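One structure is given here, and the rest of the page talks about it.
The values are calculated or read from the model by the stated rules, or taken from the named source; none is laboratory data. This one's a predicted model, so the numbers in the text were calculated from it and none came from an experiment. Every residue, glycine among them, receives a Cβ derived from its backbone with ideal geometry; neighbour counts consider all protein chains shown. With ligands, DNA and RNA removed, areas are computed over all heavy atoms of the protein, side chains included. Shrake-Rupley method; radii C 1.70, N 1.55, O 1.52, S 1.80 Å.
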Amino acid sequence: MKIGIVCYPTFGGSGVVATELGMALADKGHEVHFITYNQPVRLDFISHNLHFHEVVLEEYPLFQYQPYELALSSKMVEVVRKYQLDVLHVHYAIPHAYAAYMAKKMLAEKGINIRVVTTLHGTDITLVGSHPTYKTAVEFSINKSDVVTAVSESLRKDTLRLFTIENDIDVVYNFIDASKYNIQQHEGCQRAALAKPNERVLTHVSNFRPVKRAEDVVKVFYEVQKEIPSKLLMVGDGPDRKKAENLVKELDIKDKVLFLGNSNEVAKILCYSDVFLLPSATESFGLAALEAMAASTAVISSNRGGLPEVNIHGETGYLSELGDIDDMAKNAISLLKDDSILNQFKANALKRTKVFSLETILPQYEKLYESCYAK
Ligand code: GMT
């Protein structure tokens with residue numbers, strides 16, 4: 001099939017899922033066209049099956065805000081017509097589903113019936129999308145999509161609770177290409193570069209938005225390092241990074257915490273890790289946790305959103321109430337102080353990722369593309 005993928009090209013989970021999906025589809029022989037404002041950060045190759053079309057914004061002094069949806073929908077129309085695409089798969093409802101609806105209407109005028117698949121990723125529903133500023137347009141564009149998917153059962157339920165939805169919503173989980181995370185097997189893990197042999201490594205990867213509760217990560221680690229010799233790796237960048245760095249200084253644990261910024265080498269960093277911390281206020285799925293699990297890392301997380309669908313309490317890690325630092329620290333310590341327990345949890349975490357393998361999830365998307373093409 002010829003598939004257009006619209007996404008944010010950044011380090012955010014929706015962009016990562018969209019990019020990994022596009023690359024996997026291209027690998028399988030589909031023709032994939034990314035349509036967005038920058039080359040997606042995880043798009044590490046361009047092949048004859050894989051194309052990138054940049055949405056260029058023209059500056060004009062009248063505009064306080066550049067009308068991105070207009071430029072995007074115009075680009076979608078251009079690419080669909082030029083390459084005769086079968087389907088447009090838009091990731092993150094705002095503004096992609098809305099722009100796709102406009103493109104669909106414009107193409108209909110030319111006698112082209114393009115099918116639109118919208119994948120809801122989380123904050124486009126739970127935080128931003130349901131805000132009165134956007135709600136009407138988001139609800140409208142979800143209802144106008146040919147197929148709608150959500151990345152967890154929890155997000156499906158949230159969408160039905162927050163909006164009046166007329167379509168079915170299919171749950172298609174985030175997925176993982178496990179081969180990319182088995183660094184030990186491929187090139188050996190340079191753990192000694194970061195931690196002493198007796199030290200445990202805890203990791204947090206996020207965009208440091210308030211929803212990720214980066215300060216909770218530091219607070220949990222502060223309790224852990226009192227009992228277990230350990231290091232904390234903070235990967236990513238965003239609005240709350242400074243606050244987290246200040247807290248590290250205040251708690252006087254600077255020599256034990258490394259802020260590594262955004263990285264395209266997450267798999268390599270995760271291979272050092274024993275425990276992954278994700279205390280989010282809400283998390284529709286928690287792709288970062290799944291990536292950690294694929295690198296055999298146990299997960300200490302909150303119990304919000306779709307996290308219980310990924311991280312199994314007492315098996316792959318532990319779930320705690322939001323903000324319960326003591327419980328998270330206690331659980332992390334119970335894992336880190338005992339090699340055999342830790343290794344069991346790490347093995348369980350890796351095993352759990354099979355449910356979310358690329359091989360399982362990719363055919364689900366292909367089937368949905370075909371189903372909407374047959375409509
Ligand atoms: O986590 C973020 O803030 C980024 C956001 C995104 O859309 O880029 O991630 C959301 O989508 C991911 C991929 O589907 C999910 O794994 C994340 O759980 C979800 N984030 C939230 O719900 C906060």
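Taken as a whole, the condition of being over 30 Å from Met293 (Cβ atoms), within 16 Å of the ligand (Cβ to nearest atom) and in contact with a helix residue (DSSP H, G or I) (Cβ under 9 Å, 6 or more places away or on another chain) does not apply to Val171. Is at least one residue of the stretch 2-9 in a loop (DSSP other than H, G, I, E, B), open to solvent by 70 Å² or more (accessible area, probe 1.4 Å) and within 16 Å of the ligand (Cβ to nearest atom)? Checked the stretch 2-9: no residue is in a loop (DSSP other than H, G, I, E, B), open to solvent by 70 Å² or more (accessible area, probe 1.4 Å) and within 16 Å of the ligand (Cβ to nearest atom). Residue pairs whose Cβ atoms lie under 7 Å apart, sitting 6 or more positions apart in sequence or on different chains, and linking a residue in the stretch 262-288 that is under 18 Å from Asp327 (Cα atoms) and open to solvent by less than 10 Å² (accessible area, probe 1.4 Å) to a partner that is in a loop (DSSP other than H, G, I, E, B) and within 12 Å of the ligand (Cβ to nearest atom), are Leu278/Gly286; Pro279/Arg213; Ser280/Arg213; Ser280/Arg304. Are any residues in the stretch 79-97 away from the ligand (no atom under 16 Å from the Cβ), open to solvent by 10 Å² or more (accessible area, probe 1.4 Å) and touching a residue at least 40 places away in the same chain (Cβ under 8 Å), and if so, which ones? Those that are away from the ligand (no atom under 16 Å from the Cβ), open to solvent by 10 Å² or more (accessible area, probe 1.4 Å) and touching a residue at least 40 places away in the same chain (Cβ under 8 Å): Tyr83, Gln84, Leu85, Asp86.
Leu88: in a strand (DSSP E or B) and out of contact with any His (no Cβ under 8 Å at 6 or more places or on another chain), yes or no? So Leu88 passes the test. Taken over the stretch 289-311, the criterion of being within 7 Å of the ligand (Cβ to nearest atom) and open to solvent by 10 Å² or more (accessible area, probe 1.4 Å) is satisfied by Gly305 alone. Can you confirm whether Val128 is among the hydrophobic types (A, V, I, L, M, F, W, C), open to solvent by 20 Å² or more (accessible area, probe 1.4 Å), farther than 30 Å from Asp252 by Cβ and near the ligand (Cβ under 10 Å from one of its atoms)? Yes. Residue under question is Gly29, and the condition is that it be assigned by TED's automatic domain parsing to the domain that holds Thr10 and crowded, with 17+ Cβ neighbours inside 10 Å; does it hold? Against the criterion (assigned by TED's automatic domain parsing to the domain that holds Thr10 and crowded, with 17+ Cβ neighbours inside 10 Å), Gly29 does not qualify. Of the candidates Val171, Val117, the single residue that is at pLDDT 95 or above, open to solvent by less than 30 Å² (accessible area, probe 1.4 Å) and in contact with an Asp or Glu (Cβ under 9 Å, 6 or more places away or on another chain) is Val117. Of all residues in the stretch 201-255, those satisfying the criterion of being assigned to a loop (DSSP other than H, G, I, E, B) and among the aliphatic types (A, V, I, L, M) are Ile228, Leu251, Ile253.
For first residues located in the stretch 229-249 and open to solvent by 10 Å² or more (accessible area, probe 1.4 Å), partners that are polar (S, T, N, Q) and lie 6+ apart or on another chain with Cβ distances below 8 Å form the pairs Pro229/Asn198; Asp237/Asn207; Asp237/Asn262; Gly238/Ser206; Gly238/Asn207. Within the stretch 99-113, identify whether any single residue is surrounded by 16 or more Cβ atoms within 10 Å (Cβ to Cβ), within 13 Å of the ligand (Cβ to nearest atom) and outside any strand (DSSP E or B), and answer yes or no. Within the stretch 99-113 (the criterion being surrounded by 16 or more Cβ atoms within 10 Å (Cβ to Cβ), within 13 Å of the ligand (Cβ to nearest atom) and outside any strand (DSSP E or B)), the answer is no, since none of the residues qualifies.
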